[in-house]
Amino acid sequence: MLTAAEIHALLVETLVAGSGGCAREWQRAIGKVRVRPIAFNVITNWRIWPAGNPAQNRAIRAAAAVIRQHHPYASI
């Protein structure tokens, strides 16, 4: 199980490789990865609230969907 910080780093790496841009820009656009209790979030226990422009937010949501398939749960 990855930590929230590791999922954030994986999102940044994925977005830089897939969409270009700099890591710092994607870090800001992604925001925090928040971990929820598994008891209340059975399918996946981590969430993000993208804060980028509309194109960045679409890319972030797409990358998060792919990463969730392989890493549905995160630890703090």
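Readers should treat all values here as calculations from the given coordinates under stated rules, not as data from a laboratory. Fair warning: this is a prediction, and the values are worked out from it, not measured in the lab. Positions of Cβ are backbone-derived with ideal geometry, glycine not excepted, and every protein chain shown enters the neighbour counts.
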- Which condition breaks for Ala23 when tested against (1) touching an Asp or Glu at 6+ places or on another chain (Cβ under 9 Å); (2) farther than 14 Å from Ala63 by Cβ? (2)
- Item | Tally of residues being without any contact (Cβ under 8 Å) to a residue 40 or more places away in the chain, crowded, with 18+ Cβ neighbours inside 10 Å and either assigned to a helix (DSSP H, G or I) or in contact with a Phe, Trp or Tyr (Cβ under 6 Å, 6 or more places away or on another chain) (or both) across segment 1-55 | 6
- Item | Residues (part of a helix (DSSP H, G or I) and in contact (Cβ under 8 Å) with a residue 60 or more places away in the chain) located in segment 56-76 | Ile67
